[in-house]
Protein chains: 2
Amino acid sequence: MEFRINQAIEILRQTPGTLDSMLRPLSANWIEQNEGPNTWSPFDVIGHLIHGEETDWIPRARLIINYGESRPFEPFDRVAMFEKSKGKSLTQLLDRFSQLRSLNLRELQQMNLTEAMLEKRGIHPELGTVTLGQLLATWVVHDLGHISQIVRVMARQYREEVGPWSAYLSILGK
Amino acid sequence: MEFRINQAIEILRQTPGTLDSMLRPLSANWIEQNEGPNTWSPFDVIGHLIHGEETDWIPRARLIINYGESRPFEPFDRVAMFEKSKGKSLTQLLDRFSQLRSLNLRELQQMNLTEAMLEKRGIHPELGTVTLGQLLATWVVHDLGHISQIVRVMARQYREEVGPWSAYLSILGK
């Protein structure tokens, strides 16, 4: 599918509500379990998404628009949430994510991005030259990837409980 | 995580709202694309979930409760939706799924399942002996697996659009 800003926004706008529906009423067991050492729980993922709203997507879009290739992005701290989420409740994190996402989408729309602007280039500290359009497509795929991660983590809590059906359930892995 | 009926219901109850949030406002591009020949679009997945509500989970639970191992389950038609969903809109399918899930959860709760009943056995046509608890755990994991499939299918529409970021986005596959 060709990247179109309005279709990207359709997905970005839904993510907070989707995560809310998926997680808000669940008991702590579902929210706090992970997949073993050095893996993330659904709670951790929401914290990571918050940190992305604060430091990754829109800040990088601004950098591309204002500085192009003359100023590389700040590296993104993938695990900042382990400190930042401490002492917070899932409800607080979901509310914060939703609020930040609204503000960021408002700013995105105020950028009035044209096709030509989506071709503007910036410098990723590891990947090198990237375009604004690629950054925004990545924002969408990053959302979807973490939704997928959350449901996988929850599904795997029942790996043993499904008995012989595990043979049919590819989400459980091998 | 040990299977507890109330925790399983927490997930089962959320799935219609989650799919609604995820899909209802999206443009047809997102809903109708699949991953290539013999793969399913998000639209197809919702039809499959509906067919499961109609013919799989609760009907099989009833069979176990009423007949135990004396009557094997009917085989489940995984691809019935390709015919059944024809001519329907996504909105119709989402509404239908939500309605069926409510009815089925009401029936599940009216079964007043005890720990001992969860151990009751039935016969799966391919897998052999299974328990009622395993059937219900599978219902949960099946929901989560198809949510994961839907977000994967949508994410992969942007495989090319993310440019060099594809290296970081495991949901895009290889």
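The values are calculated or read from the model by the stated rules, or taken from the named source; none is laboratory data. For clarity, every value in this text was computed on a predicted model and none was experimentally measured. No Cβ is skipped: glycine too gets one built from the backbone with ideal geometry, and neighbour counts run over all protein chains shown. In case anyone asks, the SASA skips ligands and DNA or RNA and just uses the protein heavy atoms, side chains included. Shrake-Rupley method; radii C 1.70, N 1.55, O 1.52, S 1.80 Å.
Values as computed for the structure displayed
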item: Given charges at Cβ of Lys, Arg, Asp, Glu: segment B:9-129 dipole, positive-most of B:GLN92, B:PHE73, B:LEU127; result: B:GLN92
item: Cα-centre dipole for chain B with unit charges at Cβ (Lys and Arg positive, Asp and Glu negative), debye to 20; result: 100
item: Among B:GLY36, B:GLY47, B:GLY133, residue whose mean-square fluctuation peaks in a GNM of chain B (springs only between Cα atoms under 10 Å); result: B:GLY36
item: Over chain B: Rg over Rh, Cα atoms, Kirkwood Rh; result: 1.01
item: For segment A:13-58: rounded, prolate or oblate by the Cα gyration tensor [a/c cutoff 1.5]; result: oblate
item: Set of aspartates and glutamates with alpha-carbon distance to B:LYS120 below 12 Å, sequence-local pairs under 8 removed; result: B:GLU69
item: Distance between segment B:136-157 and segment B:96-125 - C-alpha centres, whole angstrom; result: 20
item: Candidates B:ILE65, B:ILE46, B:ILE150: whichever shows maximal mean-square fluctuation once chain B is modelled as a Gaussian network with Cα springs under 10 Å; result: B:ILE65
item: Residue-averaged [θ]222 nm for chain B, counting only DSSP H segments that reach four residues, each worth -39500 (n - 2.57); result: -18500 deg cm²/dmol
item: From phi via Karplus (6.51, -1.76, 1.60), per-residue ³J(HN,Hα) for segment A:96-113 in Hz, x at Gly/Pro; result: 5, 4, 4, 5, 5, 4, 4, 4, 5, 5, 4, 5, 4, 5, 5, 6, 6, 5
item: Choice from A:GLU160, A:GLU119, A:GLU35 showing the highest fluctuation, given a GNM over chain A with Cα pairs closer than 10 Å; result: A:GLU160
item: Accessible area buried, both sides summed, chains B and A with 1.4 Å probe, Å²; result: 4700
item: Convex hull (Cα only) mean projected area of segment A:100-167, reported in nm² to one decimal; result: 7.6
item: Proximal aspartates and glutamates to A:LYS88, defined as alpha-carbon separation beneath 13 angstrom and excluding residues fewer than eight positions away on the same chain; result: A:GLU32, A:ASP44
item: Anisotropy class of segment A:57-135 from Cα gyration tensor, a/c 1.5 cut; result: oblate
item: Anisotropy class of the protein assembly as shown from Cα gyration tensor, a/c 1.5 cut; result: prolate
item: For segment B:64-71, 3J(HN,Hα) per residue [Karplus equation, 6.51 cos²θ - 1.76 cosθ + 1.60, θ = phi - 60°, Hz, x = Gly/Pro]; result: 4, 5, 8, 10, x, 8, 7, 9
item: Within segment A:1-101: Cβ-based charge dipole about Cα centre, in debye rounded to nearest 20 (Lys, Arg +1; Asp, Glu -1); result: 240
